[in-house]
Structures are given as structure tokens and as C-alpha cells.
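Colleague: I am attaching a structure below and will ask some questions about it afterwards.
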Amino acid sequence: MNYGMVLAATAVMALVTYLPRMLPMAVIKRKIQNRFIRSFLTYVPYAVLSAMTFPAILYSTSDNLAVGVPSAAAGLLVALVLAYHNRGLLTVALASSAAVFIVQQALLWLGW
């Protein structure tokens, strides 16, 4: 293992993640008054997290795509419905996991 490359990669990653957080604080000295920009900046973290998480949800349940994608979609649907109805995190996680398990077992039993 080349420790120089590992340290250089770590330094580059630290710089790339630190700059976008530090630059706005250094450049913008006053509070942002524009309602549109404040609203945009409020929802950016949620949009980015959703964009990174959504593909992983659909392809993480099984190596067999014929079983994995439908079961993941069922878990996602259950999670969305329960979250929409303001259920707790534990309830949503357990119910969506149970939905994935049940749909996977049903599809495997049917011979998919």
C-alpha cells in the first residue's frame, strides 16, 4: 500500500468536502434576505439525499433483479405511505422491511 497516495487522496477529499462548506461563510457576511434563495438552500440537502438514496433502495434487496426490484418497490411504497401518515421511524423501518421480506418470499415461492 502506498501511504503517500492514501494521504494525498485523503487530503484531496478533505479539501473537496471542506471548501463548499467554508466558502459561503467566508464570502457571504450578511444574512440572506431573498426568500427564494433561502427556500432553495433549505431543500437542497433533502433533494441531494433523496437523489443519492433512491437508486440504492431499488437495487439493494436482492441480486436477482426480478425479485429484488419489485420487493424493494413494495418496501418503498409501504415506507412512503406510513411516513405520509406521520408514523415513527421505527414503525416505518420495520413495516417496510417486513413488506420487502414478504414480497421476496412470495416471489420466490412463485418461482420468479
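Colleague: Quick check: anything in the stretch 81-88 within 17 Å of the chain's Cα centre (by Cα) and among the polar types (S, T, N, Q)?
Modeller: Taking every residue of the stretch 81-88 in turn, none turns out to be within 17 Å of the chain's Cα centre (by Cα) and among the polar types (S, T, N, Q).
Colleague: While we're here: Please go through the stretch 32-52 and give me each residue that is over 24 Å from the mean Cα position of the chain (by Cα) and at pLDDT 85 or above, ordered by number. Please lay out each step first, then the result.
Modeller: Start the filter on the stretch 32-52 by keeping residues that are over 24 Å from the mean Cα position of the chain (by Cα), which leaves 32-36.
Scanning the stretch 32-52 gives GLN33, ASN34, ARG35, PHE36.
Colleague: Taking VAL69 and the conditions (1) within 21 Å of LEU108 (Cα to Cα); (2) modelled with pLDDT of 85 or more; (3) buried (at least 16 other Cβ atoms within 10 Å of the Cβ); (4) not small (Gly, Ala, Ser), which numbered condition does it fall short on, given that it satisfies the others?
Modeller: (3)
Colleague: Given the condition closer than 30 Å to SER96 by Cα, among the β-branched types (Val, Ile, Thr), in contact (Cβ under 8 Å) with a residue 12 or more places away in the chain and surrounded by 10 or more Cβ atoms within 10 Å (Cβ to Cβ), answer yes or no: does some residue in the stretch 34-56 qualify?
Modeller: No; the residues of the stretch 34-56 include none that is closer than 30 Å to SER96 by Cα, among the β-branched types (Val, Ile, Thr), in contact (Cβ under 8 Å) with a residue 12 or more places away in the chain and surrounded by 10 or more Cβ atoms within 10 Å (Cβ to Cβ).
The values are calculated or read from the model by the stated rules, or taken from the named source; none is laboratory data. These figures come from a predicted structure and were not determined experimentally. Positions of Cβ are backbone-derived with ideal geometry, glycine not excepted, and every protein chain shown enters the neighbour counts.
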